[in-house]
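The values are calculated or read from the model by the stated rules, or taken from the named source; none is laboratory data. Keep in mind that what you see is a predicted model, and the values were worked out from it rather than measured. Note that we place each Cβ from the backbone using ideal geometry, even for glycine, and neighbour counts take in every protein chain shown. Heavy atoms of the whole protein, side chains included, go into the accessibility calculation; ligands, DNA and RNA do not. Shrake-Rupley method; radii C 1.70, N 1.55, O 1.52, S 1.80 Å.
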Amino acid sequence: MKLQGTLHTAMRALCRNPMRALLTTLGIVIGIGAVIAMMEIGQGSSAAIQKSITSMGANNLLILPGTASSGGVSFGAGSTMTLTPGDYEAIVRDCPAVRCGAPIVRARTQLVYNGRNWVPQSMSGSTPSLLEVQLWKDLADGECFTDRDVLNSNRVCLVGQTIARELFQGENPIGKELRIKNVAFKVIGVLSAKGANMVGMDQDDIVIAPWTSIKFRVSGSSLTNTNQSSSAAASAVNTLSQVYPSNQVALYPDKSDTQIADSMLTVRFVNVDQILVSAISPEEIPAAMQQITAVLRERHRLQRGEPDDFSIRDMTEMSKVLTSTTTLMTNLLLCVAMISLLVGGVGIMNIMLVSVTERTREIGLRMAVGARSKDILWQFLVEAVVLCLVGGIIGILLGHGGSLMVEAFLHWPVETSPTAIVSAVGVSATVGIVFGFYPAWKASRLDPIDALRYE
Amino acid sequence: MNLIELNDIRKTYHLGEIDVPVLKGVSMAVAGGELVALMGASGSGKSTLMNILGCLDRPSSGEYWLDGQEVSRYSNDQRAMVRNQKIGFVFQSFNLLSRTTALENVTMPLTYTADFLTPKERHERGMAMLTRVGLDDRSHHHPSQLSGGQQQRVAIARALINNPPVLFADEPTGNLDSKTSEEVLRMFKQLNEDDGITIILVTHDVTVASHARRTIHIHDGLIVNGAYSHASTDSKPAGGGL
Ligand SMILES: Nc1ncnc2c1ncn2[C@@H]1O[C@H](COP(=O)(O)OP(=O)(O)OP(=O)(O)O)[C@@H](O)[C@H]1O
Ligand SMILES: [Mg+2]
């Protein structure tokens, strides 16, 4: 109630000289306006950078099966077959830090269509969620295969732009049948263009099909390592295999059909080559890795102390770049913000000092009719704070308007930042208190008679 | 008991090494309801005395009893309270806030009053005061839109807003021509007679002083005559008088 009176008095005093009040607060207006505009534009660009880095796979984690070794010879990453589709389902179901995931079965064989052939860089058997994990935007044409296709190992596939161009030579691939290692697959969708990845590999040179179809129809055997099976499969069509034989020497004679039928070596579990998952955000990657490790160790029944039979790779380098750019940007903006607010605050202090001198008689009069020195202190302090707050609010409006204009005319990405707005209000009030205190204190120390006599 | 009683009030200014004694032992008394004029040559210490009476300044020594309280040793905040509640002060140069309406000038002291008033109550009290000085139709005029006499009447209304028992006026007609002076003086007389407000006013003008029932003459920091009214002269020996 007392504050209300003080506020009223302060507002009246400011309104007696609106032009001066406006000019006084201009420093704060510009300071806060610049801060808000920069924060919004800065956050917009940093979000855009983040998004583009994320689309390069910064959020992604690649889970590979463990390393097999025999007699001291390590066969390298992925040489055992410990990952199953069940693992994939468990990860997606039980790890809250994982946004989505997809199992991947790789193959590398020849595609044939209408007398032309082509060996794509990447042939992945997966689930429809792969598109989400790899952030493929919409399909350029057609539609994606479904979970039902995966269940039934249907012979459908998606092709990338490069394949559409090279193999189909401008024909519309939708509905056409191409042969993958002599198995006919119907093209039901064309992926949109993605271009080269960070190391220069063409990401459009790709075929994606249900993993069951690749696994059981193309790779054929689920028990052979695909690294080896794919080269074997490729060599079956590739005439160069005679020059550079990559077939392993057969240790045992081929099994006859009867032997195969009698064999107890039926597939107990189906393995996948990799599981690709996407964390909710770059910050959640460590949490996701922990959760995945826990889930997989549990599923693989690994005892405490036993090494993992899988490995998880993240895109550490990319996320590092991401965090360092964002931090740098934020710190830079903070510095500029501080300096401009300091300048604005000094401006306020300057004018408040002039104002105190100019209004010495008023101060004397107020004291003569009963104002205590703390009433005067409060009045001038509240005036300074009100000036700064009004300046801050105008600054927020101007800054926000400015960033909206930048968005409209320059098409820069802009992001409204409630934190910046709230802290701008806080900062301008603080500036008012800090820089308004000395003039207010000076005013409150005046002697009523001296003040009344002041000319 | 007198409303105002001064006992051997002295005021000495210190200008570097030199002591400048301005009041050299002033004793006087004013009863409630009096209208007293204070006269003296320029530089005799009238304004200095008025500032002490108005609790704006502290005496170097001596006692000042106001309404039964010894206020000369009060702290700054206590004196501010006294100024707010018990004293109205009218200045020679009006001292109105510029670019502020007459009404707001009048209600300004209420900001510093301890008990809270709603904006409506403040408005009503301010309008009542303006009506009392005959300016209710000028409530939204700024000082620059008022004549000198009107400005001084606004200042009087401001001094009276907290219903103080005593009003001090240091040369209230000093900046006014004789006709408006007359107007303001009539106002003072009316306030004194109708509302019983004690008034002490400083003047150089003998005709102005003639309106008062008693005149105190001060010369070179000492009261020459009129320090006590006749009623109280009997009970008190004339101090400092010739
Ligand atoms: N702050 C001060 N410091 C030093 N001397 C002062 C101060 N204020 C007043 N004086 C001296 O005190 C004396 C009395 O001053 P005062 O203002 O009381 O005179 P006055 O009677 O009101 O005169 P006038 O009729 O001209 O207004 C003067 O000689 C003046 O020089
Ligand atoms: Mg004087």
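Here are some notes:
- Those helices (runs of 4 or more DSSP H) of segment A:307-424 that lie entirely within it include none in which at least 3 residues are assigned by TED's automatic domain parsing to the domain that holds A:SER278 and touching a Ser or Thr at 6+ places or on another chain (Cβ under 6 Å).
- Flag: B:ASN95 does not match the condition of being open to solvent by less than 10 Å² (accessible area, probe 1.4 Å) and out of contact with any strand residue (DSSP E or B) (no Cβ under 6 Å at 6 or more places or on another chain).
- Residue in segment B:132-153 that is within 16 Å of ligand 1 (Cβ to nearest atom) and farther than 17 Å from B:ASN95 by Cβ present: no
- Residue match in segment B:88-98 (condition: in contact with a Leu (Cβ under 9 Å, 6 or more places away or on another chain), in a helix (DSSP H, G or I) and within 27 Å of A:LEU446 (Cβ to Cβ)): no
- The criterion of being at pLDDT below 90, surrounded by 13 or more Cβ atoms within 10 Å (Cβ to Cβ), of a type outside the set (A, V, I, L, M, F, W, C) and more than 15 Å from A:ALA13 (Cα to Cα) does not hold for B:THR131.
- Residue, least open to solvent (accessible area, probe 1.4 Å), within segment B:57-75, restricted to residues that are in a strand (DSSP E or B) and of a type in the set (A, V, I, L, M, F, W, C): B:LEU66
- Any hit, segment A:358-368, residues being of a type outside the set (D, E, K, R) and without any contact (Cβ under 8 Å) to a residue 60 or more places away in the chain: no
- Considered as a group, the residues in segment B:1-35 that are open to solvent by 50 Å² or more (accessible area, probe 1.4 Å) and small (Gly, Ala, Ser) include one that is nearest to the chain's Cα centre (by Cα), and that residue is B:GLY32.
- Matching residues, segment A:163-193, being within 28 Å of the chain's Cα centre (by Cα) and within 26 Å of A:PRO85 (Cβ to Cβ): A:GLY189, A:LEU191
- Among the residues making up segment A:176-202, those that are at pLDDT 85 or above and open to solvent by less than 40 Å² (accessible area, probe 1.4 Å) are A:LEU178, A:ILE180, A:VAL183, A:ALA184, A:PHE185, A:VAL187, A:ILE188, A:GLY189, A:VAL190, A:LEU191, A:SER192.
- Candidates B:THR101, B:THR118, filtered to the one that is at negative phi and either at pLDDT 90 or above or among the charged types (D, E, K, R) (or both): B:THR101
- A:ARG12 assigned to a helix (DSSP H, G or I), of a type in the set (D, E, K, R) and more than 11 Å from chain B (Cβ to nearest Cβ): no
- Verdict on A:ARG372 being of a type in the set (D, E, K, R) and touching a residue at least 12 places away in the same chain (Cβ under 8 Å): no
- In segment A:359-383, residue surrounded by the fewest Cβ atoms within 10 Å (Cβ to Cβ) [restricted to those that are within 11 Å of another protein chain (Cβ to nearest Cβ) and touching an Asp or Glu at 6+ places or on another chain (Cβ under 9 Å)]: A:LYS374
- Test: residue in segment B:113-134 that is touching a residue at least 24 places away in the same chain (Cβ under 8 Å) and facing chain A (nearest Cβ under 10 Å): yes
- Residues of segment B:165-186 satisfying the condition of being within 14 Å of chain A (Cβ to nearest Cβ) and within 16 Å of ligand 2 (Cβ to nearest atom): B:PHE168, B:ALA169, B:ASP170, B:GLU171
- The single condition among (1) touching a Lys or Arg at 6+ places or on another chain (Cβ under 7 Å); (2) within 16 Å of ligand 2 (Cβ to nearest atom); (3) over 21 Å from A:ILE449 (Cβ atoms) that B:GLN150 does not meet is (2).
- Across segment B:199-217, the qualifying residues are those that are in contact (Cβ under 8 Å) with a residue 60 or more places away in the chain and among the small types (Gly, Ala, Ser), and the one among them that is farthest from ligand 1 (Cβ to nearest atom) is B:ALA212.
- Any chance B:GLY88 is within 16 Å of A:ILE449 (Cα to Cα), more than 16 Å from ligand 2 (Cβ to nearest atom) and within 11 Å of chain A (Cβ to nearest Cβ): yes
- Of all residues making up segment A:323-358, the number that are surrounded by 21 or more Cβ atoms within 10 Å (Cβ to Cβ) and either within 14 Å of chain B (Cβ to nearest Cβ) or touching an Asp or Glu at 6+ places or on another chain (Cβ under 8 Å) (or both): 2
Listed here are the residues, each with its yes/no results for (1) crowded, with 18+ Cβ neighbours inside 10 Å; (2) assigned to a strand (DSSP E or B); (3) away from ligand 2 (no atom under 13 Å from the Cβ).
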| site | (1), (2), (3) |
| --- | --- |
| B:MET39 | yes, yes, no |
| B:SER44 | yes, no, no |
| B:ASN51 | yes, no, no |
| B:CYS55 | yes, no, yes |
| B:ASP77 | no, no, yes |
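- From B:GLY148, B:GLY134, residue being in contact with a Ser or Thr (Cβ under 7 Å, 6 or more places away or on another chain) and of a type in the set (Gly, Ala, Ser): B:GLY148
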